[in-house]
Every structure is written in C-alpha cells, then in structure tokens.
Amino acid sequence: MEPHATRAYWKDGGVIVHCSSQLLKSAQKAVAATLQIPPDKVRIVSRYIGGGFGGKLPIYGDVMLSAMASRQLKRPVKTALTRQQMFHFTTHRSETRQRVRLGAAADGRLTAIAHESWSHSARFDNFYEAASQQTRSLYAAPNRMTAHRTVKLDLPISDSTRAPGEAVGMLALESAMDELAEKLKMDPIALRIRNEPAMDPEKNIPCSTRQLVRCMQEGAERFG
C-alpha cells in the first residue's frame, strides 16, 4: 500500500499539488480554505492513487504542510510519510460493535433482518462507520431495520481505512447467515441463493448487473 506523499509548488499566484486523492474536488476546496485562496487557484493532480480503499478520501497534513512550506520557501516541497507515521498522522478505522438479528421460516426464507452498529467518533467530528448500509439491499427480507450510532470519545478522527464500512458490516452479517444455516441444517450457499432478491429490496428496481449467485455457485464448485 502506497504511503501518503505530496509534492507542491506555487505558480502564477496559485498552488499545484501532486498527491494521491480519491476526491479531487473536495481536496481542492480543503486546500483553498486552509490557504485562504480561491479554489480556482488550487490545482490537484492525482495521476495514480497506489492504493486508497477509503484511506485517501480526505486529505491530511502532508498536503497542507507541503503547500504552506512551498509558499514560505518559494520552492517545490515534497512531504512523504513513513509507514509508522501513517498510523497517527492520517486516520484509523473506528471500532464497531454490531448486533445482527435474523428471522426466517423453516424453509430458510428470511422474514426479517435487523442490523445495528455502534462506532466511535472524535468529539469534534461526526463520522460513523456505515457497517449496516449494505444489509438493506443484500437479501430479500420483507422486514428490514438498520441503524448506525456513534459514541463520542477523546480520540483522533476516524475514517474509512483499507475499505469502507461495508467491509466490517459484511463480516457480521455473513457470520449471522452462516449461523442461521447451521440452525436450519441448510447448506449456507443454498440459504443465500434462496434469499437472493429479484429486485433491489430497498429501491424496488432491477439491478443492472448482479452476478452474486453465479459467483457463489462457482466458488462452491471450486472449493468442492
């Protein structure tokens, strides 16, 4: 995974920033606000990300330090974080506590899904890990309840790290599906296929592409 690094230099009253950013427009606005210059005087260049997975959605101190130092020194400045610095200079994933409840008939058809998630956030921030977001659309249960709650703690800000919140949420949901299959004495793949929705359960529209059943069947065949 590429560490965070930035090269910045000033030209014609504006700053040009080379960095790894997943959201160029928000990076431009953030740099402009910090440096107190118009957004059109900020150019963000991100040719290659080199591994973002949510960890490069916001911009961090390397971008701002490079831009400010370059303005002060009147020469290009490069800032590169070490692997160790990334753990306290950028962001980290929130701890989550999750509760998943499933209701199903004897044939395995889901009748209800409830997925609640608690994640911590810095006191001055409002970030929450969207751990239950995908649960509303993944399986064809007629009754669905999801909730995200934050716990304010005296910790640095947290954000998506190595994957968005669905990653940790899927672990909890799919573990619960495996436990349900065991209780029903069903094959876990068969249970999931039985609850594959024909339409998006949340939006009631067909999916443009959805090959999940095919993937599960092929994976099961390869695993034997």
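The values are calculated or read from the model by the stated rules, or taken from the named source; none is laboratory data. From a predicted model like this one, the values you see are computed outputs, not experimental measurements. Positions of Cβ are backbone-derived with ideal geometry, glycine not excepted, and every protein chain shown enters the neighbour counts.
Just the residues that are among the basic types (Lys, Arg) and within 15 Å of the chain's Cα centre (by Cα), please, taken from region 156-186. 162, the sole residue that qualifies.
Among the numbered conditions (1) over 30 Å from residue 86 (Cα atoms); (2) at pLDDT below 95; (3) surrounded by 15 or more Cβ atoms within 10 Å (Cβ to Cβ), the only one that residue 198 does not meet is (3).
Yes or no: residue 100 farther than 30 Å from residue 213 by Cα, surrounded by 14 or more Cβ atoms within 10 Å (Cβ to Cβ) and either charged (D, E, K, R) or at pLDDT 95 or above (or both)?
So residue 100 does not fit the description; no.
Within the option set 119, 94, being of a type outside the set (A, V, I, L, M, F, W, C), within 30 Å of residue 180 (Cα to Cα), modelled with pLDDT of 95 or more and in contact with an Asp or Glu (Cβ under 9 Å, 6 or more places away or on another chain) holds for one residue only, 119. A count restricted to region 55-75 and to residues that are in a helix (DSSP H, G or I) and over 26 Å from the mean Cα position of the chain (by Cα) stands at 8.
A Cβ distance below 7 Å, combined with a sequence gap of six or more or placement on separate chains, defines the contacts here; from region 31-57, residues that are within 15 Å of residue 68 (Cα to Cα) reach residues that are exposed (fewer than 12 other Cβ atoms within 10 Å of the Cβ) in the pairs 32/38; 41/13.
For every residue, the table says whether it meets (1) at pLDDT 95 or above; (2) farther than 30 Å from residue 166 by Cβ.
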| site | (1), (2) |
| --- | --- |
| 12 | yes, yes |
| 28 | yes, no |
| 68 | yes, yes |
| 83 | no, no |
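Taking each residue of region 144-172 that is touching a residue at least 24 places away in the same chain (Cβ under 8 Å) and under 30 Å from residue 111 (Cα atoms) and looking for partners that are of a type in the set (A, V, I, L, M, F, W, C) and part of a loop (DSSP other than H, G, I, E, B) with beta-carbon atoms closer than 6 Å, six or more apart or interchain, yields 163/53; 165/130; 165/131; 168/131; 169/131.
Quick check on my filter: what residues within region 194-217 are among the aliphatic types (A, V, I, L, M) and touching a residue at least 24 places away in the same chain (Cβ under 8 Å)? Across region 194-217, the qualifying residues are 198, 216. Only one of the listed residues (204, 195) is of a type outside the set (Phe, Trp, Tyr) and on the phi > 0 side of the Ramachandran plot. That residue is 204.
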